[in-house]
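Notes to accompany the following structure.
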Amino acid sequence: MSDSDLPAGVERREIAGETRLATRGPPVYGEPTADGWRAWDPRRSKLGGMFELGFVTGLTGGETVLYLGAASGTTVSHVADFAGPTYAVEFAPRPARDLLDAARPRDRLFPLLKDARKPESYAHVVEVDVDAIVQDVATRGQATVAARNARFLADDGRLLLAVKARSEDATADPSDVFDAALDELRETYEILETRRLDRYHEDHLGVVATPQ
Amino acid sequence: MTDTDAEAGWFAGRAAVAAARDRIANGEADQPRDWPALAVASGFADSTDDYYDRLHEETLGATRETVRERERADDQQLIHVVRAMDDCERTANELAERAAEWAGSLFDDPEPGIEGARAVADREPDGELERRAVSLAGRVTGLAAERDALAETIDRIAPAVAPNLAEMAGAELAARLIALAGGLESLAKKPSGTVQVLGAEDALFAHLSGRAPSPKHGIIYTHDYVRNTRPEDRGSAARALAGKLTLAARVDYYSGERRATLHEEIRERMATIRARAEAESDGGAEGGA
Ligand SMILES: C[S@@+](CC[C@H](N)C(=O)[O-])C[C@H]1O[C@@H](n2cnc3c(N)ncnc32)[C@H](O)[C@@H]1O
């Protein structure tokens with residue numbers, strides 16, 4: 001992909017002898033660093049994989065982001081490095097403990113222990129009209145989660161979604177699972193781009209969408 | 001924007017830190033709004049930057065507290081519940097024996113056990129001694145009811161504490177494994193060979209001191225995959241199950257995410273073990289004919 005499609009604050013840097021996708025910030029999970037830049041491993045991050053695969057994410061840097069399924073903060077820490085205010089929703093206490101460590105030194109990363117299926121439980125904290133929702137919840141009902149959270153997204157905002165086939169149905173053919181998820185998404189969003197993330201994440205579909 | 005808009009935000013009322021954190025953790029709103037602007041307009045924050053600084057501080061604090069609370073609440077509580085359940089059951093059975101023996105000396109043909117105690121508890125006592133014997137039987141049924149209520153609590157909370165482990169083992173066995181290990185963390189850190197014999201410490205000790213063969217399984221024996229597998233395959237069934245239960249505990253401890261493949265894999269592995277048994281018993285029947 002051409003580097004001009006990367007948001008400001010995401011660069012290809014020479015780290016440990018390799019050219020790696022990277023953001024600038026305090027290290028989080030033992031990733032290699034050089035000159036304050038931290039390598040962003042597309043194998044450990046669906047959004048990182050989407051950048052490597054050249055998705056047109058619409059991100060330019062500095063935007064307000066709602067991140068659903070933050071886990072221990074691997075990806076959302078990179079997001080907070082290049083974006084503006086970043087709300088990180090995660091519902092499992094254990095990964096949230098590590099998320100706190102990633103959020104502490106990032107003054108615009110806001111960790112929230114919440115269930116993404118219940119946006120009412122954080123709508124009093126997360127602001128309206130965020131520029132992007134990044135979703136990686138890997139749980140049943142991924143399209144429903146995206147639809148319910150559409151209320152936070154600006155009209156011209158972007159949904160950057162990773163759908164994990166096995167979370168919906170471990171036995172079905174992934175393409176059938178993806179088709180069903182996209183059908184459900186179309187009720188709320190216009191789909192701009194979809195591609196399999198298999199090079200980095202087996203049986204995952206990457207989706208870029210915008211509110212209808 | 002009106003004041004009532006700001007009222008719906010986490011920062012409403014310019015409350016003390018503890019209250020703000022409580023609102024972040026437990027508050028609700030139907031719709032998001034432009035909270036930064038509302039917070040500035042309502043005087044909560046001097047500027048958007050000031051607002052975000054405070055939001056950062058308070059979300060860190062609120063999330064840290066909720067995480068701690070949940071962690072304290074979960075696996076250790078489950079251990080208390082499972083131990084209390086076992087105590088209730090053991091005590092109910094012991095006391096039922098005493099109550100039955102006593103009732104036998106006062107009434108005609110009472111039944112033994114908890115059911116017997118229930119019948120005695122329903123009787124109209126006559127005189128002080130009968131009153132005490134009937135009342136004792138009533139305590140037995142009360143303990144038995146408490147045991148059942150504790151079992152229901154385990155069914156409810158085990159899947160929250162350890163979703164994959166509870167799905168694979170069933171709520172009660174999951175709780176017992178966690179209790180035997182002393183917590184989800186220590187269960188997640190045990191090698192699967194240890195998980196396989198958890199609950200068989202006596203047998204293991206006898207083995208280590210050279211007095212007995214090594215135990216093939218501990219508490220996981222109660223799982224259908226082990227118990228309902230023919231004796232010569234139980235060792236491999238127990239090993240396979242212990243391996244997957246250990247992985248389930250690790251996923252629960254480190255990520256909390258449901259991992260469907262884990263459940264598929266153990267189902268397939270067990271199907272293979274059982275298919276082998278069937279093939280062999282078919283083969284044996286033919287050979288004998
Ligand atoms: C695949 S992991 C996310 C990894 C993370 N996005 C990263 O790249 O660093 C999925 C996470 O979503 C969380 N999750 C699943 N369902 C959720 C829900 N309903 N609400 C919030 N988080 C959820 C899980 O607890 C898990 O931590």
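The values are calculated or read from the model by the stated rules, or taken from the named source; none is laboratory data. Being a predicted model, the structure only gives us computed values, none of them experimental. No Cβ is skipped: glycine too gets one built from the backbone with ideal geometry, and neighbour counts run over all protein chains shown.
Laid out as a table, the results:
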{"item": "Residue match in the stretch B:250-265 (condition: part of a helix (DSSP H, G or I), away from chain A (no Cβ under 14 Å) and over 24 Å from A:A96 (Cβ atoms))", "result": "no"}
{"item": "Filter pass, A:R24 being among the basic types (K, R) and more than 12 Å from the ligand (Cβ to nearest atom)", "result": "yes"}
{"item": "Matching option when the condition is in the same structural domain as B:A119 (by TED's automatic domain parsing), over 28 Å from the mean Cα position of the chain (by Cα) and part of a helix (DSSP H, G or I), among B:R98, B:R90", "result": "B:R98"}
{"item": "When residues of the stretch A:108-120 are limited to those that are near the ligand (Cβ under 10 Å from one of its atoms) and facing chain B (nearest Cβ under 7 Å), the one nearest to B:H56 (Cα to Cα)", "result": "A:L112"}
{"item": "Members of the stretch A:146-157 that are within 14 Å of another protein chain (Cβ to nearest Cβ) and buried (at least 18 other Cβ atoms within 10 Å of the Cβ)", "result": "A:N149, A:A150, A:F152, A:L153, A:G157"}
{"item": "Evaluation of B:D108 against (1) exposed (fewer than 14 other Cβ atoms within 10 Å of the Cβ); (2) in contact with a helix residue (DSSP H, G or I) (Cβ under 8 Å, 6 or more places away or on another chain) (one fails), failing number", "result": "(2)"}
{"item": "Unique match (being within 11 Å of the ligand (Cβ to nearest atom), facing chain B (nearest Cβ under 9 Å) and in contact with a Leu (Cβ under 9 Å, 6 or more places away or on another chain)) among A:A96, A:A103, A:A138", "result": "A:A96"}
{"item": "Boolean, A:L59 is near the ligand (Cβ under 10 Å from one of its atoms), of a type outside the set (F, W, Y) and crowded, with 22+ Cβ neighbours inside 10 Å", "result": "no"}
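Condition check ((1) at pLDDT below 95; (2) more than 12 Å from B:V67 (Cβ to Cβ); (3) part of a strand (DSSP E or B); (4) within 12 Å of the ligand (Cβ to nearest atom)) across all residues:
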{"position": "A:L66", "(1), (2), (3), (4)": "no, yes, yes, yes"}
{"position": "A:A70", "(1), (2), (3), (4)": "no, yes, no, yes"}
{"position": "A:S77", "(1), (2), (3), (4)": "no, yes, no, yes"}
{"position": "A:V128", "(1), (2), (3), (4)": "no, yes, no, no"}
